[in-house]
1. Among the residues of segment 80-113 satisfying the criterion of being among the β-branched types (Val, Ile, Thr) and surrounded by fewer than 18 Cβ atoms within 10 Å (Cβ to Cβ), which is modelled with the lowest pLDDT?
2. Among the residues of segment 1-29, write down those that are part of a helix (DSSP H, G or I) and exposed (fewer than 12 other Cβ atoms within 10 Å of the Cβ).
3. Name the single residue that is modelled with the highest pLDDT among those in segment 53-74 being of a type in the set (Val, Ile, Thr) and farther than 12 Å from Glu111 by Cβ.
4. So which of Pro158, Pro103 ends up being without any contact (Cβ under 8 Å) to a residue 24 or more places away in the chain and assigned to a helix (DSSP H, G or I)?
5. Within the group Leu116, Leu96, which residue is in a helix (DSSP H, G or I) and touching a Lys or Arg at 6+ places or on another chain (Cβ under 9 Å)?
6. Quick one: count up the residues across segment 117-128 that are farther than 10 Å from Tyr93 by Cα and either among the hydrophobic types (A, V, I, L, M, F, W, C) or touching a strand residue (DSSP E or B) at 6+ places or on another chain (Cβ under 9 Å) (or both).
7. Being modelled with pLDDT under 95 and under 18 Å from the mean Cα position of the chain (by Cα), is that true of even one residue in segment 169-186?
8. Failed condition for Gln77, given (1) more than 20 Å from Cys109 (Cα to Cα); (2) at pLDDT below 95, with all others met?
Amino acid sequence: MNNEIANEIDFDGLLKILEDLDLQREHTYKESRQILISFPKLFVLLHEEKYVEAQDLLSQLEIRIKKLRSEIIPRWQKYLLQAEIEYVEAYAYLSLLQKGRIPSQKDMCVEVDAYLLGLLDCIGELRRAVYDNINKKNYVKASLCFNYMKSILEKIFPLSYFDNVIPSLRHKVDLARKLIEETYIDLTKINALKC
């Protein structure tokens, strides 16, 4: 009997696989961060109501996200999630302010987690729009933005028990509900002052 162990571990092959995976991970992480860096500028444009410029930048970011999504394997999808959430948030905000509609998941071509979390984040941007419009004494638009906030939450709230499927969904739903309640109180005070 031979005392040698049959060694079929292909160290060089495994090393190559792991190095390739690490390169893919680094690429995905770096590209996703570069995309994320552009979103604050996009939200500034949206709040300044520069919708044409905002739409152009959003379209560029959409192309970059789709390209990156097509290049990566499912293992690294998690690095793209935050960029997709920001994309949904911006897309929904722009769609609501320009067209008065909440876009579908199909419209945005994103996974359900990015869609739901992005819509919930959009509630915070809409809240800011409520206060911006109050400061401009545009109470009709402020009320409209508040109604958009409520509409998003009403559709997503029944799904909040899927927190085991989409981590942080319940937390974001609770936060959105709190923002809506606080905004409602502020709007009620303002309406009382107007009388």
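The values are calculated or read from the model by the stated rules, or taken from the named source; none is laboratory data. Quantities reported herein were computed from a predicted structural model and do not represent experimental measurements. Virtual Cβ from ideal backbone geometry, glycine too; neighbours counted across all protein chains shown.
1. Only one residue fits best here, namely Ile102.
2. Selection gives Phe11, Asp12, Gly13, Leu14, Leu15, Lys16, Ile17, Leu18, Glu19, Asp20, Asp22, Leu23.
3. The residue in question is Ile63.
4. Of Pro158, Pro103, the one residue that is without any contact (Cβ under 8 Å) to a residue 24 or more places away in the chain and assigned to a helix (DSSP H, G or I) is Pro158.
5. Leu116
6. 2
7. There is no residue in segment 169-186 that is modelled with pLDDT under 95 and under 18 Å from the mean Cα position of the chain (by Cα).
8. With (1) more than 20 Å from Cys109 (Cα to Cα); (2) at pLDDT below 95 applied to Gln77, the lone miss is (1).
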